[in-house]
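Data block below; observations after.
The values are calculated or read from the model by the stated rules, or taken from the named source; none is laboratory data. Quantities reported herein were computed from a predicted structural model and do not represent experimental measurements. Here the Cβ is made from the backbone with ideal geometry for all residues, glycine too, and neighbour counts use every protein chain on show. We work out accessible area using only protein heavy atoms, side chains counted, and drop any ligands, DNA or RNA first. Shrake-Rupley method; radii C 1.70, N 1.55, O 1.52, S 1.80 Å.
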Amino acid sequence: VIEKGIRNNCFYTTQMGELTLGVFGEKVKTDLSDNGGTVCMNYSIDTNMRLLSQNQVKISIKEVN
């Protein structure tokens, strides 16, 4: 879950064990209509409060006939 201004925790299991990840939504902007639109998100991922990555996603949505 990515929410603006909120850090959500999740648990990730690997063969080496479990990892607690935090996902912090820095920017979440949507511009959607019945015909499509865009979703833009800037977020960071951390483990034990140590930054792992900063990410940006832009999704364009359009109607397909």
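Using a 1.4 Å probe and counting only protein heavy atoms, arrange VAL64, VAL28 so the residue with the most accessible area comes first.
VAL64, VAL28
Please list MET41, MET16 from largest to smallest accessible area, probe radius 1.4 Å, with all protein chains kept in place.
Largest accessible area first, the list is MET16, MET41.
If LYS4, LYS62 are ordered by their accessible area, calculated over protein heavy atoms with a 1.4 Å probe, which sequence runs from highest to lowest?
LYS62, LYS4
Taking the Cβ of LEU32 as the centre, find all other residues whose Cβ is under 15 Å away and add up their charges (Lys, Arg: +1; Asp, Glu: -1).
That works out to 0.
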